[in-house]
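We did not get these values from a lab; they are worked out from the coordinates using the rules stated. Given the structure is predicted, the values throughout are model-derived calculations rather than measurements. Reconstructed Cβ throughout: ideal geometry from the backbone, glycine too, with neighbour counts over all protein chains shown.
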Amino acid sequence: MNTLRARGWAEKLKVKADEDNHEKTDSWSNRDLIPLPPNRRTWGSFHYFGYWAISSLNVTNWQTPNTYLTEGLSVAQAMGVIIVARGLIALFSTIVAWCGLKWHVGFTVQNRFTWGLRGSYIPLLQRILLNFIWTSVQCWNGGRLVSVCIAAIWPSFANIKNTLPASLPTTTNQFVGFVVFWALSLPFLFIRPEKFKLPFVIISAYCGIGMMAMMIWSLAVAKGVGPVFTTGQTLAAGSQWNSSWLMMSGVNSVIGGIAAGITNGSDFSRYAKGPKHYIAGSIGSVWIVGTLVSFIGLVTTSACQKIYGEIYWNPPDLLMVMMDNGQGSSKARAGVFFLSAGFALTAMFENICGNAVAGGIDLAGLFPEYIDIRRGALITFIACWVAQPWQLINRAATFITVLNSFAVFLAPLIGIMACDFFLLRGQKIQLSHLYRTHDTNYWYEHGVNWRAIPAWLCGWAPTIGGLIMTVRGETNGSRALYQLYYMAFFIGFFLSAIIFYITMKLFPVRGLGEFDDVDYYGAFSAKEAAKLGVSPAGQGASFDGIEGVEQARELQAGEKGPKTEYIMADGAY
């Protein structure tokens, strides 16, 4: 009886599928993992501009110049680092996103043809772990901004008594802000990604105008920029690093800070109406808006140094000072409220889309029968309470450094993905082979393409030593290890790509350069199908799921066609 009841509940919890729209729910597929049909691809150029603008209009980019100025670089050198790094981010993100633009599948499925259906869990688990941690960290940072908003409305909140036990490394003020931010974010998880267009536009415009207003106000009150803006190179006389190495380290750091977002680019590029929409919106926003935010942060911080006599790189701290810790005039508090609300809304949607929704897609790849994007995003968000960001951030000074340095492991993944899709497969994949374990070229050996594993390991092995020493704060280690770490993203990307290419050539696999000649999933418009050389959905075949693909192949092959090879779950033929 209990067994029957459990089976009944399990059946009710399964993700629903509309087979009339080529959807199927099983161990490898659900509606959020199959190639997106044209009616769900709703993002245009301006929406991608807004999507990337939200990821640029944040506290981290505002503070970026400070990192390089404190290391001794001049203002011009620091901005040069940011301009070069943002351009490379635009390039790498487009490379990774191209598979989603052409075949309309996301990161979760994209890795199946490279790593094998089971092997794809290796990159997937890395992404899931990062999504859990980054979601909790961003909720905590957003909570700091919410605390400023509350203090602007109720000034006494800024000095509220701390009622939390001494064992918790946080205050009541900060914890309340976190809870409010988390609770306000929760309802937006129920919005499908294809419906995010309007929030992107409104919030990016709101925050962008707020940042500009903040800079203009600071320049007007200070009557010009302060001394920070004119900082020259201040390298210590005995420094072991010249400006060139520090700039290389800076470029690597900026790219590394957004490597997680680059890795899953196809998760969102697949929502594009067409490649030109993604390219125009993304490159313009990543490069231009990302650079402008850092420049605005630099100018505002410099001008505010003249006003307040101190340097405030962290916007929540600066906003609290601007309203005299809640005791300022009503006009000052009103201005601070709207500014901090803009920062908070941007942090909210950056977190929802870039971390929670991305986490939902990745979790759907692990348990397709029971988890879709919405359920996965909710699980990722609930995991914030397990991760306890107040413990991570307030107690570990090197925690964010560790997270940003995770690009050491992600860059090799990106290199392998790019090499496989562009060089080895010529941008051609067999979509129907990505969702089953038999009669597929992507099962490899027991579901794992072992060739990807040594390529990935070799990509991060040379740079892990420098990462460990940097996290520990050691400065007297081998110079070569630090130099390798300062180039970690580029070393990981190219080394893994080269080794994977060689390994695949030495131990060739089936299916390179092949693609389905029938659109089994209704994924392409008539124009796309003609360009790719496939029969559009409804012409020549109208079959759903694995069984349908097999039927279509039998009809195409005919009685005199080639014998079909079936690969069973254990890899036998």
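Across the stretch 79-87, rounded Karplus estimates of 3J(HN,Hα) from the backbone phi angles (6.51 cos²θ - 1.76 cosθ + 1.60, θ = phi - 60°) give 5, x, 4, 5, 5, 5, 5, 5, x Hz, Gly and Pro being marked x.
Rounded, prolate or oblate: which fits the stretch 368-525 when a ≥ b ≥ c are the square roots of the eigenvalues of the alpha-carbon gyration tensor, with rounded for a/c under 1.5 and prolate only if a/b beats b/c? Oblate, since a/c reaches 1.5 and b/c is not below a/b. Taking amide H as placed 1.01 Å from N in the peptide plane, Val518 has its amide H under 5 Å from the amide H of Ser535, each at least 5 places away in sequence or on another chain. Note down the relative contact order for the chain as a percent, whole number, built from C-alpha pairs under 8 angstrom at least six residues apart. Once normalised by length, the contact order is 26 percent.
Divide by every residue of the chain the summed helix terms, -39500 (n - 2.57) for each DSSP H run of at least 4, and state the resulting mean residue ellipticity at 222 nm, rounded to the nearest 500 deg cm²/dmol. Computed mean residue ellipticity for the chain: -19000 deg cm²/dmol. Rounded if a/c is under 1.5, else prolate if a/b is larger than b/c, else oblate: which is the stretch 199-270, with a ≥ b ≥ c the root eigenvalues of its Cα gyration tensor? Because a/c hits 1.5 or more and a/b fails to exceed b/c, the stretch 199-270 counts as oblate. Summarising the label geometry, the points placed 7 Å from Cα in the beta-carbon direction at Val221 and Asn39 lie 5.3 nm from one another.
Here the scattering of the chain is modelled by Debye summation over its C-alpha atoms, one equal scatterer each and no solvent; at q = 0.10 Å⁻¹ the log10 of I(q)/I(0) is -0.88. Once a ≥ b ≥ c are taken as the square roots of the eigenvalues of the Cα gyration tensor of the stretch 120-251, is the result rounded (a/c under 1.5), prolate (a/b larger than b/c) or oblate (a/b not larger than b/c)? Rounded is the answer for the stretch 120-251, as its axis ratio a/c remains below 1.5. Please identify the trypsin sites (Lys or Arg not before Pro) of the stretch 216-301 that satisfy two criteria: DSSP loop assignment and at most 11 other Cβ atoms within 10 Å. Which are they? Passing sites in the stretch 216-301 are Lys223. Each part gets one Cα centre, and for the stretch 289-354 versus the stretch 153-217 those centres are 13 Å apart.
Per-residue extension of 0.36 nm, minus the Cα-Cα distance of Met212 and Ile307, leaves a gain of 32.4 nm for this segment. Taking 7 Å steps out from each Cα toward its Cβ at His438 and Ala183 produces label points 5.3 nm apart. Checking the Cα-Cα distances for Lys306/Lys331; Lys197/Lys428; Lys14/Lys276 against a 27 Å cut-off, the pairs over it are Lys197/Lys428; Lys14/Lys276. Relative to the longest principal axis of the Cα atoms of the chain, helix 275-284 runs at roughly 20 degrees. To the nearest ten degrees, helix 172-185 and the longest principal axis of the Cα atoms of the chain are 40 degrees apart. The per residue volume of the convex hull around the alpha-carbon atoms of the stretch 56-178 is 196 Å³. Against the longest principal axis of the chain, how steep is helix 545-557, in degrees 0 to 90 to the nearest 10, with axes from Cα atoms? Approximately 50 degrees, to the nearest 10.
Computed over the stretch 237-337, the Cα gyration tensor eigenvalues convert (square root of 5λ each) into semi-axes of 34, 25, 11 Å, ordered from largest to smallest.
Under the simplified labelling scheme, the Thr163-Leu125 pair shows an inter-label distance of 4.3 nm, with each label point 7 Å from Cα along Cα→Cβ. Applying 1/(1 + (r/R0)^6) with r as the Cβ-Cβ distance of Ile382 and Ala334 and R0 = 25 angstrom yields a FRET efficiency of 0.10. Close amide H partners of Glu445, meaning residues 5 or more places away or on another chain with modelled amide H under 5 Å apart, are Trp450.
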